[in-house]
């Protein structure tokens, strides 16, 4: 990212302006460290979870869902959570969204408590099912959160057009959800979650019910959307290839109670295509995820 040069006025000891050569030399000597400092500055921390544990009390007794989870997510990261069913992936997402409260530990979302972040509408949530109202058109489904938040009709219309275009659904505004395929409905759900421009996008296995061809297509679209918006994304999945393809960071979790087994950095190019899944680098990361999932089952032994 380009950094603006500092506004520095250079005056000689006698009060006269320096020669052009002197000015250039001195300006460069001052500007360069500022530029280097900006480039090396750490990214803002969007999620900071420390020792998060969560226990449910049910009719059948106590259920330990999460145990001492520590996680830091930087601005612009795409973080995937992967693990066996019931390991606490969705629970962790819901804790970040303040839809459930941890039994212990501390959690900051965008530098504030999870409750404050929820009230500030700092995140959009995409559920496993599209959760669209069948009696409302696609346009009106997108407008619903904007209506609740008090946006004007003009602002609502602008945002509907912008985000439907982002998910390649321009022209479907007057259709009803039942007239769209499952993949198209989920794209509407993503557009709705983005419509009020949240800093954080939480996605709970949004493509799990789709066939492989549609899923691959939506993976590519989501990657493009992440690149174009710069959002921080937390993504729950059961698919190793999906996690490796999409992510800058993969969080591998153990069976319940959910613990973090491994955190894996993915340094693939931003402009990657599905063909990268056949490369040795991709397969190496996928194997590390698979090994982490196997290691996690040792907690059951």
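The values are calculated or read from the model by the stated rules, or taken from the named source; none is laboratory data. Computed from a predicted model, the values in this text were never measured in an experiment. FYI the Cβ positions are ideal-geometry reconstructions off the backbone, even for glycines, and counts take in every protein chain you see.
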Practice task
For the range 131-168, name all the residues that are surrounded by 17 or more Cβ atoms within 10 Å (Cβ to Cβ), in contact with a helix residue (DSSP H, G or I) (Cβ under 6 Å, 6 or more places away or on another chain) and assigned to a loop (DSSP other than H, G, I, E, B).
Solution key: 132, 167
Exercise for the section: Just give me the residues in the range 195-209 being under 16 Å from residue 243 (Cβ atoms) and free of Cβ contacts under 8 Å to residues at least 40 places away in the same chain, in sequence order. Expected result: 207
Completion exercise
Inside the range 170-184, the number of residues satisfying the requirement of being surrounded by 19 or more Cβ atoms within 10 Å (Cβ to Cβ) and either under 18 Å from residue 145 (Cβ atoms) or touching a strand residue (DSSP E or B) at 6+ places or on another chain (Cβ under 7 Å) (or both) is 1
Practice task
Check whether at least one residue in the range 266-275 is touching a strand residue (DSSP E or B) at 6+ places or on another chain (Cβ under 8 Å) and not in a helix (DSSP H, G or I), and report yes or no.
Solution key: yes
Exercise for the section: Evaluate the range 280-300: report whether one residue or more is under 29 Å from residue 131 (Cα atoms), modelled with pLDDT of 90 or more and either touching a strand residue (DSSP E or B) at 6+ places or on another chain (Cβ under 9 Å) or loosely packed, with under 15 Cβ neighbours inside 10 Å (or both). Expected result: no
Practice task
Name every residue in the range 203-232 that is buried (at least 23 other Cβ atoms within 10 Å of the Cβ) and assigned to a strand (DSSP E or B), in order of residue number.
Solution key: 203, 232
